[in-house]
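Contents: one structure, followed by commentary.
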Amino acid sequence: MLRKPQYIALLIVALAGLILLSLPEAAASRVKLAVTTLFLPLFGATETTQAAARRAGNTIVPRSDLIRELEQLRAEKQKLEFNLAQAQEAARENDRLRRLAGLPSRPGWKLKPARVIARDPANWWRTVFIDLGSKDGVRVDLPVVTPEGLAGRVSAVGTTRSQVVLLGDQTCRVAGMVRETAENGIVIPYAPDPSIVTLTYLSRGSAVKPGQTITTSGLELKPGNHVLTSGLGGVFPAGIRIGEIVDVRSDGFGLYQSARVRLAVNLNALDHVWVVAQ
Amino acid sequence: MNRLETIFILCAAWLAVAFEISFPAFRQLLGFQISLLPPLMVYVALSNSLPGIVLLSLIGGVASDAFSANPIGISTLALAGTGMLLHHNRDLVLRDQAYAQVAMGLLATALTPALVVLALMNTQHPVLLTWRLFGQWLGAALAGGICTPFIFRFFALLNRWFSYQALPESHFRDTRQIKRTRI
């Protein structure tokens, strides 16, 4: 049996907890972001430590290694300059053809670099905090990418920090497309493995046995096919890489197919990301 | 409750949350994050008073939820529930024994996320219950159990540094003194 002080303590905590739980979503989000300010010294200390470690690392790298790396980067830069010139020419041609066809021109992406400053302490959610907020023009639902592909979308925005929900979380669903077959589907979490998602609601194919591929719309879905964002949901722009198909299976009593997709981005090792401001 | 110890507990709660949000090594290595708030709650519940439990569950729970997709306040209730349970039965626990600390740490680290997940099952976004999550839960509980004796040692060290030590008891008994009187 509980004693009187224990009842009072339990009542205080229960009351505080229930008040917090009953807050409207917007208010709860503001409270959360306000509480994160308590950890500003930690974010500062982490950044300073990382910078110091980088500087210390830079001082001990041998000069010969640096020269070799510089040569490699120069060669890569030249290659990329050629690619850029080609891409710019293709973009100009695309714009010209779009104008001729009477289609609106495709807006370019504005990328904002951000640093991952905190991760979700709970093992069942997949969210991170980045060091960009409304002050930097970040809004809810903006896509977050890395050079490897799509990472997630912004779910809550504070003045200087934002919460990003990552691919594979239940609240992050993406309209995806198989590049090789142009099949459209929806990317949902795959619970047993965090590095894999499921591309589901793909159009129906013939029955499949393990190791076989399924024929849909005259084209085969194969392991290794690339999955990109389709742009249909209105949140993510088309053409961002999501991953590669691992296998395909018939689903929903044969009504549609689902494919397991290995994510292009290692979400456990996210360090720096880019917010796509369209 | 000693005011200094309250400050230490709050600092430890801050550090525990800071560890959880900014130290990804365990997540990368083991596939799950270790939570230090339940082991801290074991220490507070077994060695401290009720205000300590209330403070830790409020501050620690809210800070932890602020960085999580959990609804804010849900961890507060889970931590408080665990703390109250341990505090209510603390006379039955040999709290100075390492094995008891490990057992209580294991219990608290298993119970707190279980309560949170149970509460989340009744929300708009219930948690997907999978074998992977079960494995993470077991792993985190084991890690919490292992961490608990270290937290007890850490606070014992802090108390030794910052608190006045109790004087050794004298063997002098007033009642046993031989009073010499004139015969």
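The values are calculated or read from the model by the stated rules, or taken from the named source; none is laboratory data. Here the structure is a predicted model, which means the values were calculated and not measured. Here the Cβ is made from the backbone with ideal geometry for all residues, glycine too, and neighbour counts use every protein chain on show.
Of all the residues in region A:71-120, those that are among the aliphatic types (A, V, I, L, M), in contact (Cβ under 8 Å) with a residue 24 or more places away in the chain, surrounded by 13 or more Cβ atoms within 10 Å (Cβ to Cβ) and more than 30 Å from B:Val117 (Cα to Cα) number 1. Cβ separations smaller than 8 Å between residues 6+ apart or across chains give the following pairs from region A:121-140 residues that are more than 7 Å from chain B (Cβ to nearest Cβ) to residues that are hydroxyl-bearing (Ser, Thr, Tyr) and surrounded by fewer than 16 Cβ atoms within 10 Å (Cβ to Cβ): A:Gly133/A:Thr159; A:Ser134/A:Thr159; A:Lys135/A:Thr159. Among the conditions (1) touching a residue at least 24 places away in the same chain (Cβ under 8 Å); (2) within 30 Å of B:Gly73 (Cα to Cα), the only one that B:Asn159 does not satisfy is (2).
Restricting attention to region A:194-230, which residues are aliphatic (A, V, I, L, M), crowded, with 16+ Cβ neighbours inside 10 Å and modelled with pLDDT under 65? Matches in region A:194-230: A:Val208, A:Ile214. If A:Ala175 satisfies every condition in (1) more than 29 Å from B:Val127 (Cβ to Cβ); (2) modelled with pLDDT of 85 or more but one, which is the exception? Result: A:Ala175 fails condition (1) only.
Each residue in region A:158-191 was checked for being under 18 Å from A:Ala264 (Cβ atoms), assigned to a loop (DSSP other than H, G, I, E, B) and either within 11 Å of another protein chain (Cβ to nearest Cβ) or under 13 Å from the mean Cα position of the chain (by Cα) (or both), and 6 pass. In contact (Cβ under 8 Å) with a residue 60 or more places away in the chain, among the hydrophobic types (A, V, I, L, M, F, W, C) and either closer than 26 Å to B:Ala63 by Cα or surrounded by fewer than 19 Cβ atoms within 10 Å (Cβ to Cβ) (or both), is that true of B:Ala108? Yes: the conditions hold for B:Ala108. Only residues that are closer than 26 Å to B:Tyr99 by Cβ and free of Cβ contacts under 8 Å to residues at least 24 places away in the same chain were counted across region B:37-58, and they come to 0.
A:Val174 fails exactly one of the following numbered conditions: (1) surrounded by fewer than 22 Cβ atoms within 10 Å (Cβ to Cβ); (2) over 30 Å from A:Leu38 (Cα atoms). What is the number of that condition? In the conditions (1) surrounded by fewer than 22 Cβ atoms within 10 Å (Cβ to Cβ); (2) over 30 Å from A:Leu38 (Cα atoms), A:Val174 misses (1) alone. Filter region B:34-61 for residues that are in a helix (DSSP H, G or I), buried (at least 24 other Cβ atoms within 10 Å of the Cβ) and within 8 Å of chain A (Cβ to nearest Cβ) and give the result. Within region B:34-61, B:Ile53, B:Ser57, B:Gly61 qualify.
The helices (runs of 4 or more DSSP H) found wholly in region A:1-86 and carrying at least 1 residues that are within 26 Å of the chain's Cα centre (by Cα) and within 11 Å of chain B (Cβ to nearest Cβ) occupy A:25-35, A:40-60.
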